[in-house]
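These notes are about the structure you will find just below.
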Amino acid sequence: MDQKSAINELKALSTQIHTYQSIQTLLHWDAETYMPEGGISPRSEQLATLASLIHELKTSKKFEQNLKKLIHLNTGKPTALGKKLSSPEKVMVREWRKEFLKVTKLPGDFVKTFSHLTSEASQVWRLAKKEDNFQSFAPYLEKIIHLSRKKAEILGFKNHPYDALLEGYEPCMTEAKVAVFFSKLKKAILPLVKEIQKKKTIDDTFLQKTIDHDTQMEIGHLLFSKLPLDPKHSRLDLSSHPFSLALHPLDSRITTRLIPNAFISNIFSILHEAGHSLYETGLPLEYFGTPLCEAVSLTIHESQSRFWETFIGRSKSFWKYFYPLLQKKIPHLTKVPLNHFYQAIHRVTPSFIRVEADEVTYCLHVILRFEIERELIAGTLSVNNLPDAWNDKMKELFGITPPNHSMGCLQDIHWSLGDFGYFPTYALGNMAAAQIFQAMKKQFKDWEDRISSGDLAFLRTWLKENIHSLGKTYSTENLIKRVTGSVLSEKAYVDYLKEKYK
Ligand code: CO
């Protein structure tokens, strides 16, 4: 037995796991797009079967035995055989060990209970949101929080139970580190919002004119075709919430949603999801089935979507290129000059819903969620007091109070799915995107000319080379340092907002 046969066994198992996962992804995509409503119960059965097959493989003796030949499970140090591996293989083994320790820590029964609870809870949440009935969702949320705390205990943490949950989405972060970033962001953004609100508001009623379904879909496909996505490997569909799912670097799907009197939301959704898709299709194909063909973290994933949605999609250069094309589809825009349009899409107004927020107040929504989440998990805030705590924080950060719970603490699906610790990555992704954008500008002095002439491919090439093609080779922190020359920080994002809005 040498290191070759151990690594090959692991690669084969891991490829099998990834293949099952891509089937899972396809089933999820279908459930959100074309599946008839009545298909939900057989679909849950299919997904549960795949989940247990994946769990079996990930925790199998065969996996463990081969892994142990190459790395010491308790210390993470390579064995004598492990030292003989190539550098990409060393990365694989390092990541496989992390994943193995994580999945074997959580008992199978616990995982099953959690998954049953959250699949029921997300159904209850949907109805509760629709009927504005917090009380019907509260007992489920209480159970989810209880189990999430238990999960944190099983996974282990040093300072705050939230650390253990956060680690699942962003391994580089802790509650304390996030708290420092967020207090700096708050300090910069709150006065900026006040200052912007003093300025005269611009007429943006032309953004609220009803645009029919077919025209919006045409605009969607037009934009999709202009982005540097390969139509042979990606597609655009409709769903109730926009998302991006990748089965494989050769097969990635994104969706958009159409709001009749807010056509701009369609455009920004596509730009956002395309950013995710470009990441997934830019992962190195030759490593499919291994961690080298996986995204680093949710922070980096979100940095890619925000890069396209915000930093490119809200740039003047992009609109110099895309506005004339849009005007051809929406005739009433021919009366609105580019400058006016550009200012209108940058209007800042405190709002209740995170997903519809402007780019200045966006992070405040994430901060609100983080401040509440960590208290729920620590047990210093009870579910009963959640609606009041939510409304108090809305008042403190935005100066407004939601008219109902559907627009308040019931607005997002994440808690019903047990995704505690997920939200901070939205803001961290913004911070990283701002740093990446800065680095791009340094590299390409003519970036504005290129984009306004419709050349977006150079951005894809650059991102692919510096981020996508590296898979999980570097941690979030090291990757950001490598691409931008500095550590993850809120500074670039704050500078960007100040420069743009002052
Ligand atoms: Co996203």
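The values are calculated or read from the model by the stated rules, or taken from the named source; none is laboratory data. Computed from a prediction, not measured in an experiment: that's the story for all the values here. Every residue, glycine among them, receives a Cβ derived from its backbone with ideal geometry; neighbour counts consider all protein chains shown. SASA here: full protein model, heavy atoms, side chains in, ligands and nucleic acids out. Shrake-Rupley method; radii C 1.70, N 1.55, O 1.52, S 1.80 Å.
Name the one entry in T118, T113 that is surrounded by 13 or more Cβ atoms within 10 Å (Cβ to Cβ), among the β-branched types (V, I, T) and without any contact (Cβ under 8 Å) to a residue 40 or more places away in the chain. Before you say what the answer is, go through the steps one by one.
Values: T118 fails: without any contact (Cβ under 8 Å) to a residue 40 or more places away in the chain.
After ruling out the rest, the residue left standing is T113.
Quick check, is I330 more than 30 Å from S86 (Cα to Cα), within 16 Å of the ligand (Cβ to nearest atom) and among the hydrophobic types (A, V, I, L, M, F, W, C)?
No.
Within 16 Å of the ligand (Cβ to nearest atom), assigned to a helix (DSSP H, G or I) and out of contact with any His (no Cβ under 8 Å at 6 or more places or on another chain): is that true of I451 in this structure? Even if it seems obvious, please write down each step before you answer.
Details: within 16 Å of the ligand (Cβ to nearest atom): no; assigned to a helix (DSSP H, G or I): yes; out of contact with any His (no Cβ under 8 Å at 6 or more places or on another chain): yes.
When the stated conditions are applied, I451 does not pass them.
Under the condition of being of a type in the set (F, W, Y) and more than 18 Å from Y426 (Cα to Cα), which residue from region 306-327 is nearest to the ligand (Cβ to nearest atom)?
F318
From the residues in region 247-305 that are more than 16 Å from the ligand (Cβ to nearest atom) and among the aromatic types (F, W, Y), which one is least open to solvent (accessible area, probe 1.4 Å)?
My answer is F263.
Could you say whether any residue in region 359-370 is modelled with pLDDT under 95, out of contact with any Lys or Arg (no Cβ under 9 Å at 6 or more places or on another chain) and within 16 Å of the ligand (Cβ to nearest atom)?
No, there is no match, as no residue in region 359-370 is modelled with pLDDT under 95, out of contact with any Lys or Arg (no Cβ under 9 Å at 6 or more places or on another chain) and within 16 Å of the ligand (Cβ to nearest atom).
Would you check which residues across region 99-110 are in a helix (DSSP H, G or I) and in contact (Cβ under 8 Å) with a residue 12 or more places away in the chain and list them?
Selection gives E99, F100, L101, K102, V103, T104, K105, G108, F110.
Criterion first (open to solvent by 20 Å² or more (accessible area, probe 1.4 Å) and within 24 Å of the chain's Cα centre (by Cα)) does E175 satisfy it?
So E175 passes the test.
From the list L207, L192, pick out the single residue that is surrounded by 12 or more Cβ atoms within 10 Å (Cβ to Cβ) and closer than 17 Å to F398 by Cα.
Working: L207 fails: closer than 17 Å to F398 by Cα.
Just a single option satisfies the conditions, and that option is L192.
Look through T25, T15 and report the one residue that is in contact (Cβ under 8 Å) with a residue 40 or more places away in the chain and over 19 Å from H116 (Cα atoms).
T15 is the lone residue from the list that is in contact (Cβ under 8 Å) with a residue 40 or more places away in the chain and over 19 Å from H116 (Cα atoms).
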